[in-house]
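Chemist: Here it is, the structure, as structure tokens.
The values are calculated or read from the model by the stated rules, or taken from the named source; none is laboratory data. What you see is a predicted model; the values in this text were computed from it and never measured. Don't worry about glycine lacking a Cβ; one is built from the backbone with ideal geometry, like all the others, and counts go over all protein chains shown. Remember, those area values only see protein heavy atoms, side chains included, never the ligands or the DNA or RNA. Shrake-Rupley method; radii C 1.70, N 1.55, O 1.52, S 1.80 Å.
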Amino acid sequence: MIFVVRQSWTGEEGAHGPIVLVTGLWLLYRRWKEISEFAAPAPSGTVWMLLALLVPLQIFTRITQIVEIEGYLMYAIMLVVLYSLVGIEAMKRLWFPLFYLAFIFPPPETVVAFITVPMKIWLSEAAIWFLDLFGYPIGGEGVRIYIGQYELLVAAACSGINSIISLSAISLFYIYMRHQAHWRYALLLVLLIVPVALVANFFRVLILILLTYHAGEAAAQGFLHNFAGILMFGIALVTIFALDILLKPLWDRYIEKTGRDAAHD
């Protein structure tokens, strides 16, 4: 866990970690007061069987330094210990806080690479096409972008994966707190997270390309690079909130109309 804090939480890809930890523990405390009556110790045989499977895997990942998987195995062992104390019924009612807390760990690099490669290529091609419409001297190959005398590489930080993870974590917390009783509408908002993050990162890539072209590579890779990331993340988060405000009345109207039609039939 100390390694996760040092290596992940100090960078852009894990900046949401402390927020998730604090809000997740608060959710657990809040929900526990409501469902504590369902707590009962789990069968010891099941607990020992799960630990016999997970603990050796945890030791193996520790020895081989597979840090990303080690974090999830550590968390799985903690869930087994919780299961031994409160049982499955209580854990079912704590499903969201327990799922939400998993966001404190960085995703495996293989998963990140698998997702980011098509995102990076799409963002590069979209940015080149868009700026070409305005007559900029721009071209590219794969994730490399050439504009004027500069060459840029669309990295994972700019490709959307970091924003998607952070935006998903914080948006899920917001959606759960606001719409946990309306799971279909909450699912609709969850499905909007990825496209919102991609559009926000498209504009982030545009900003960085234009900064490089007009202000030089040093300006684009310095403070303004990080500021663009923070700005686009903030805009994406506000967009989720705005979509919620706009869509909720339409959803309520649709549900009301559907209810009237069903009653009429």
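Chemist: So, in region 36-79, how many residues would count as being among the polar types (S, T, N, Q) and within 25 Å of residue 110 (Cα to Cα)?
Modeler: Restricting attention to region 36-79, the residues satisfying the condition of being among the polar types (S, T, N, Q) are 36, 44, 46, 58, 61, 64-65.
Checking which are within 25 Å of residue 110 (Cα to Cα) leaves us with 58, 61, 64-65.
Summing the residues that are among the polar types (S, T, N, Q) and within 25 Å of residue 110 (Cα to Cα) in region 36-79 gives 4.
Every residue, every condition in (1) buried (at least 19 other Cβ atoms within 10 Å of the Cβ); (2) farther than 23 Å from residue 196 by Cα, yes or no:
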residue: 97; (1), (2): yes, yes
residue: 114; (1), (2): no, no
residue: 119; (1), (2): yes, no
residue: 122; (1), (2): no, no
residue: 128; (1), (2): yes, no
residue: 141; (1), (2): no, yes
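Chemist: Give region 171-219 a look and list any residue that's without any contact (Cβ under 8 Å) to a residue 40 or more places away in the chain and among the aromatic types (Phe, Trp, Tyr), or say none.
Modeler: Within region 171-219, 183, 203 qualify.
Chemist: Identify all residues within region 103-112 that are touching a Gly at 6+ places or on another chain (Cβ under 9 Å) and either open to solvent by 20 Å² or more (accessible area, probe 1.4 Å) or assigned to a helix (DSSP H, G or I) (or both); write none if there are none. Please lay out each step first, then the result.
Modeler: First pass over region 103-112, keeping only residues touching a Gly at 6+ places or on another chain (Cβ under 9 Å): 103-106.
Selection gives 103, 104, 106.
Chemist: Let me ask something additional. Mind checking which pairs have a first residue in region 225-245 that is closer than 11 Å to residue 167 by Cβ and a second that is assigned to a helix (DSSP H, G or I) and among the basic types (Lys, Arg), Cβ under 9 Å, 6 or more apart or different chains?
Modeler: Within 9 Å, the pairs are 232/204; 233/204.
Table: residues versus (1) out of contact with any Asp or Glu (no Cβ under 9 Å at 6 or more places or on another chain); (2) under 29 Å from residue 197 (Cβ atoms).
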site: 9; (1), (2): yes, yes
site: 20; (1), (2): yes, yes
site: 27; (1), (2): yes, yes
site: 35; (1), (2): no, no
site: 51; (1), (2): yes, no
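Chemist: To continue, here is another question. Could you tell me which residue of region 194-253 is modelled with the lowest pLDDT, considering only residues that are among the acidic types (Asp, Glu) and open to solvent by 60 Å² or more (accessible area, probe 1.4 Å)?
Modeler: Pass one, region 194-253, residues among the acidic types (Asp, Glu): 217, 244, 252.
The next check asks that each one be open to solvent by 60 Å² or more (accessible area, probe 1.4 Å); those that pass are 217, 252.
Numbers: 217: 71, 252: 82.
Ranking the qualifying residues of region 194-253, first place goes to 217.
Conditions (1) loosely packed, with under 11 Cβ neighbours inside 10 Å; (2) modelled with pLDDT under 90; (3) under 20 Å from residue 92 (Cβ atoms), marked per residue:
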residue	(1), (2), (3)
5	no, yes, no
13	no, yes, no
29	yes, no, yes
38	no, no, yes
43	no, no, yes
46	no, no, yes
49	no, no, yes
52	yes, no, no
